[in-house]
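Enquirer: Below: one structure in structure tokens.
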Ligand SMILES: [Zn+2]
Ligand SMILES: [Zn+2]
């Protein structure tokens, strides 16, 4: 058996792991690299395998760093089935169509620049036509049910508690009479977060591939995130400013809406302030949440009101509606994409508001190195954007505990729940230094860890 990590090896993004057995060759995830130019360049390199030879793909969840190269895989000849959970199957067409649109727009922009420099135009990574080929290939499997794909491979999904529909993948593999169980954690969520269930524990495996995004960090848990959010709302409201929240369309946005709707009913001092969900993508994703109440945790299921649909919330789909928010002088809460400020309407809101000390830019998610979000978080006093130099005068704030990822304690709790220590724990989906520290930490606790490098086979 060969397992090769083609992405998320000493980086967080680009998850793509290839499993090769005697008669079966498949992928776990096929994600986009996200971050600075160097990472983006990897998306344009040829796959290190022949897409025509891949029998099937398993997708752990709907984040683009796990599914965003599927249309390229199809464009390059993959023609198999894609296994995922029901909610992820609902999300993939939405997420991939949006990603393809961004690819088309970015390439158009890039080609205008190339043309001015006398260079040949570049082809987009993939188009919406390529993305449209994905939905008929999707096969759904609920959590907890086993599916025998062939004589060598049986799969089972467990709730990873990271985003709606997210899965831990259990692989039961048979090769030359030997049975081996390999577990891919996918991205693991935190315990006790709103809406979705906690991550499931897995009791046994020979080998585990585990995410390490926050393997060297503990999320601040001194105050619940709802309280921290309320403080940011009040501080900005008192200054008469706008609270601009760059947010990932999947999960983070719905969590924010859920908490805002709770705050509105629980806090009599909640200000009379307009709340805008200014993201066509997040609006579509929120519909998937409404469609899957069976995936909510007990508390969310027991709510009788509508957590994603409450008075004071305006969902703005058209560009004209979005622009009206920019020109309005009223205090407001604006949730817009993209989560790392690399694209989307948040960039327009930043252009109109980053220089104004009344406003707050509140980060509620991971910011990859090289992204505008990370540059702001690192304390830049000015930024260049849309051909302008903008002074950063708005307050830059962050609520770390909002992460959809497990922190070091959560990850340790999950891996220590295995009844017997796996033979080896491969650490993926983490930045270099983080993963080194986490590996050291787990080794001290008696685990045998290894850190795959990109493109190198880690198991034979
Ligand atoms: Zn994720
Ligand atoms: Zn991820």
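Enquirer: For the range 41-85, enumerate the residues that are away from ligand 2 (no atom under 16 Å from the Cβ), part of a loop (DSSP other than H, G, I, E, B) and at negative phi.
Expert: Passing the criteria: 45, 46, 47, 48, 49, 50, 54, 55, 76, 78, 79, 80.
Enquirer: Being surrounded by 24 or more Cβ atoms within 10 Å (Cβ to Cβ) and away from ligand 2 (no atom under 14 Å from the Cβ) is the filter here, so list the residues in the range 7-25 that pass it.
Expert: Matches in the range 7-25: none.
Enquirer: Here is a follow-up. Condition check: more than 19 Å from residue 167 (Cβ to Cβ) and either without any contact (Cβ under 8 Å) to a residue 24 or more places away in the chain or crowded, with 18+ Cβ neighbours inside 10 Å (or both). Does residue 243 satisfy that?
Expert: On the way: more than 19 Å from residue 167 (Cβ to Cβ): yes; either without any contact (Cβ under 8 Å) to a residue 24 or more places away in the chain or crowded, with 18+ Cβ neighbours inside 10 Å (or both): yes.
When the stated conditions are applied, residue 243 passes them.
Enquirer: Where in the range 294-375 are the helices (runs of 4 or more DSSP H), entirely inside, with at least 1 residues that are touching a strand residue (DSSP E or B) at 6+ places or on another chain (Cβ under 7 Å) and at pLDDT 90 or above?
Expert: Values: elements: 298-302, 319-327, 346-353.
Helices (runs of 4 or more DSSP H) meeting the threshold: 319-327, 346-353.
Enquirer: Also: Would you be able to say whether some residue in the range 36-56 is assigned by TED's automatic domain parsing to the domain that holds residue 208, at pLDDT 95 or above and within 16 Å of ligand 1 (Cβ to nearest atom)?
Expert: No, there is no match, as no residue in the range 36-56 is assigned by TED's automatic domain parsing to the domain that holds residue 208, at pLDDT 95 or above and within 16 Å of ligand 1 (Cβ to nearest atom).
Enquirer: Taking residue 258 as meeting all but one of (1) modelled with pLDDT of 95 or more; (2) farther than 26 Å from residue 185 by Cβ; (3) outside any strand (DSSP E or B); (4) touching a helix residue (DSSP H, G or I) at 6+ places or on another chain (Cβ under 8 Å), write down the number of the exception.
Expert: The number of the failed condition is (2).
Enquirer: Determine, yes or no, whether residue 170 is closer than 22 Å to residue 421 by Cβ, surrounded by fewer than 21 Cβ atoms within 10 Å (Cβ to Cβ) and either free of Cβ contacts under 8 Å to residues at least 24 places away in the same chain or away from ligand 1 (no atom under 16 Å from the Cβ) (or both). Full working, then the answer.
Expert: Details: closer than 22 Å to residue 421 by Cβ: yes; surrounded by fewer than 21 Cβ atoms within 10 Å (Cβ to Cβ): yes; either free of Cβ contacts under 8 Å to residues at least 24 places away in the same chain or away from ligand 1 (no atom under 16 Å from the Cβ) (or both): yes.
When the stated conditions are applied, residue 170 passes them.
Enquirer: So, in the range 207-238, exactly how many residues are touching a residue at least 60 places away in the same chain (Cβ under 8 Å), surrounded by 16 or more Cβ atoms within 10 Å (Cβ to Cβ) and more than 20 Å from the chain's Cα centre (by Cα)?
Expert: Total satisfying the criteria: 8.
Enquirer: Does the range 407-416 contain any residue that is part of a strand (DSSP E or B) and either within 20 Å of the chain's Cα centre (by Cα) or not assigned by TED's automatic domain parsing to the domain that holds residue 27 (or both)? Explain how you work it out, then say what you get.
Expert: At the first step, the residues of the range 407-416 found to be part of a strand (DSSP E or B) are 407.
Imposing the further condition that a residue be either within 20 Å of the chain's Cα centre (by Cα) or not assigned by TED's automatic domain parsing to the domain that holds residue 27 (or both) reduces the set to 407.
Yes, because at least one residue in the range 407-416 is part of a strand (DSSP E or B) and either within 20 Å of the chain's Cα centre (by Cα) or not assigned by TED's automatic domain parsing to the domain that holds residue 27 (or both).
Enquirer: Still on this structure, please answer the following. Assess whether residue 135 counts as being buried (at least 16 other Cβ atoms within 10 Å of the Cβ) and touching a helix residue (DSSP H, G or I) at 6+ places or on another chain (Cβ under 9 Å). Working first, answer last.
Expert: Details: buried (at least 16 other Cβ atoms within 10 Å of the Cβ): no; touching a helix residue (DSSP H, G or I) at 6+ places or on another chain (Cβ under 9 Å): yes.
Spelling it out, it is not the case that residue 135 is buried (at least 16 other Cβ atoms within 10 Å of the Cβ) and touching a helix residue (DSSP H, G or I) at 6+ places or on another chain (Cβ under 9 Å).
Enquirer: Here are the criteria: (1) more than 15 Å from ligand 1 (Cβ to nearest atom); (2) touching a residue at least 60 places away in the same chain (Cβ under 8 Å); (3) assigned to a loop (DSSP other than H, G, I, E, B). Tell me which single one residue 192 does not satisfy.
Expert: (2)
Enquirer: Could you count how many residues in the range 160-195 are touching a strand residue (DSSP E or B) at 6+ places or on another chain (Cβ under 7 Å), under 26 Å from residue 257 (Cβ atoms) and more than 16 Å from ligand 2 (Cβ to nearest atom)?
Expert: 1
Enquirer: Moving to a separate point now. Listed residues 395, 440, 420, 416; which is without any contact (Cβ under 8 Å) to a residue 12 or more places away in the chain, away from ligand 2 (no atom under 16 Å from the Cβ) and surrounded by fewer than 18 Cβ atoms within 10 Å (Cβ to Cβ)?
Expert: Working: 395 fails: without any contact (Cβ under 8 Å) to a residue 12 or more places away in the chain; 420 fails: without any contact (Cβ under 8 Å) to a residue 12 or more places away in the chain; 416 fails: without any contact (Cβ under 8 Å) to a residue 12 or more places away in the chain.
Testing whether each residue is without any contact (Cβ under 8 Å) to a residue 12 or more places away in the chain, away from ligand 2 (no atom under 16 Å from the Cβ) and surrounded by fewer than 18 Cβ atoms within 10 Å (Cβ to Cβ) leaves just 440.
The values are calculated or read from the model by the stated rules, or taken from the named source; none is laboratory data. The model shown is predicted, which means the values in this text are computed figures rather than measured ones. Note that each Cβ is placed from the backbone with ideal geometry, even for glycine, and that neighbours are counted across all protein chains shown.
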